[in-house]
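The block underneath contains the structure these notes are about, expressed in structure tokens.
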Amino acid sequence: GTTPDELTNSNIISPLLVTDPTQTIFYTNGVDYLEINQTNENIIYTEIELTTNSSIPDGGTVLVSYSYDAMVPVGLDLTVTGGVWVSNGCEIDADGIGYSTGFGPGTGSSSSGTFFDGSGGGDGGSGGMSLSNAVGGVCYDSLYQPAFPGSGGGASYAGNGGNGGGLIQITAGGNVEIDGVITANGGNATNPRAGGGSGGGIWISAPSVSGAGSITANGAAGAPGYG
């Protein structure tokens with residue numbers, strides 16, 4: 001219709017290809033529809049709107065194809081019918097591969113001023129406040145069933161904060177034995193005054209869990225003195 005509709009994905013990097021459902025009729029931007037881009041916090045959202053004299057029927061269905069640029073936090077999502085063994089000296093490592101500065105539900109914030117600093121990212125708990133009172137990122141994930149990666153630390157005048165930790169989910173039909181390391185820690189801030197990333201999530205679902213190893217999803221350090 002003539003009310004703009006927002007496309008599902010943002011940061012589109014290719015021209016839109018708009019067709020009828022059979023993909024035999026190709027519609028033209030500026031003639032049959034208008035492509036409208038809106039920018040909000042460095043994210044570009046795209047809407048399409050029917051033109052007054054469009055050959056697309058009012059209320060009709062169209063297919064819209066395009067390529068888009070997306071940041072995908074990574075980690076491990078493992079489902080097995082048997083058991084899982086992380087042996088001594090081995091590790092499942094998702095440190096610092098979650099959301100980066102400005103991304104994630106609990107991303108850290110920045111203070112004001114010329115030499116501003118950043119707070120810590122939040123996840124299972126709130127992020128730490130910076131020296132100049134930039135508020136830490138909010139708590140958003142479940143304590144017992146974490147389903148999100150960690151959020152990035154707040155940026156400073158010198159650059160980005162640390163990345164959040166990734167997300168590790170293991171579902172096993174048998175025992176999970178951890179004699180090595182499972183880790184999803186946040187990344188320390190490396191730029192002066194920036195905030196550290198939050199720990200990510202580790203969720204293990206199994207009939208039993210044993211072993212002499214370690215499981216950590218710790219928040220990272222901000223830059224010494226300010227972050």
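The values are calculated or read from the model by the stated rules, or taken from the named source; none is laboratory data. Every value quoted in this text rests on a predicted model; they were computed, and no experiment measured them. Virtual Cβ from ideal backbone geometry, glycine too; neighbours counted across all protein chains shown. The protein model used for the area step is the full one, side chains on, heavy atoms only, and it has no ligands, DNA or RNA in it. Shrake-Rupley method; radii C 1.70, N 1.55, O 1.52, S 1.80 Å.
So which residues in the range 181-193 are surrounded by 19 or more Cβ atoms within 10 Å (Cβ to Cβ) and closer than 28 Å to residue 206 by Cα?
182, 183, 184, 185, 186
Are there any pairs with C-beta distances below 9 angstrom linking a residue in the range 45-68 that is modelled with pLDDT under 90 to a residue that is hydroxyl-bearing (Ser, Thr, Tyr) and open to solvent by less than 60 Å² (accessible area, probe 1.4 Å), with the two at least 6 apart or on different chains, and if so which?
Note: pairs meeting the criteria are 68/10; 68/14; 68/46.
For residue 76, state whether it is among the aliphatic types (A, V, I, L, M), in contact with a Gly (Cβ under 9 Å, 6 or more places away or on another chain) and under 30 Å from residue 184 (Cβ atoms).
The answer is yes for residue 76.
Of all residues being closer than 26 Å to residue 103 by Cβ and among the aliphatic types (A, V, I, L, M) in the range 1-47, which is surrounded by the fewest Cβ atoms within 10 Å (Cβ to Cβ)? Just the residue, please.
Only one residue fits best here, namely 13.
I want to confirm something. Restricting to the range 203-227 and keeping residues that are loosely packed, with under 15 Cβ neighbours inside 10 Å and either at pLDDT 95 or above or touching a helix residue (DSSP H, G or I) at 6+ places or on another chain (Cβ under 9 Å) (or both), which single residue is nearest to residue 155 (Cα to Cα)?
216
Applying the selection to the range 94-130, what residues are over 29 Å from residue 76 (Cβ atoms) and outside any loop (DSSP other than H, G, I, E, B)?
110
I need the strands (runs of 3 or more DSSP E) fully contained in the range 165-209, keeping only those with at least 1 residues that are among the small types (Gly, Ala, Ser) and closer than 28 Å to residue 224 by Cβ. Don't jump to the end; show me each part of the working.
Numbers: elements: 167-172, 176-178, 181-183, 201-205.
Fully inside the range 165-209 and qualifying: 201-205.
Collect the residues in the range 130-162 that are more than 17 Å from the chain's Cα centre (by Cα), surrounded by fewer than 19 Cβ atoms within 10 Å (Cβ to Cβ) and modelled with pLDDT of 95 or more, keeping them in residue-number order.
Scanning the range 130-162 gives 135, 157, 158, 159.
Examine the range 194-202 for a residue that is open to solvent by 40 Å² or more (accessible area, probe 1.4 Å), β-branched (Val, Ile, Thr) and either within 23 Å of residue 142 (Cα to Cα) or in contact (Cβ under 8 Å) with a residue 12 or more places away in the chain (or both), and state whether such a residue exists. So that I can check it myself, show each step before the final result.
We begin by selecting, within the range 194-202, every residue open to solvent by 40 Å² or more (accessible area, probe 1.4 Å); these are none.
No, every residue in the range 194-202 fails to be open to solvent by 40 Å² or more (accessible area, probe 1.4 Å), β-branched (Val, Ile, Thr) and either within 23 Å of residue 142 (Cα to Cα) or in contact (Cβ under 8 Å) with a residue 12 or more places away in the chain (or both).
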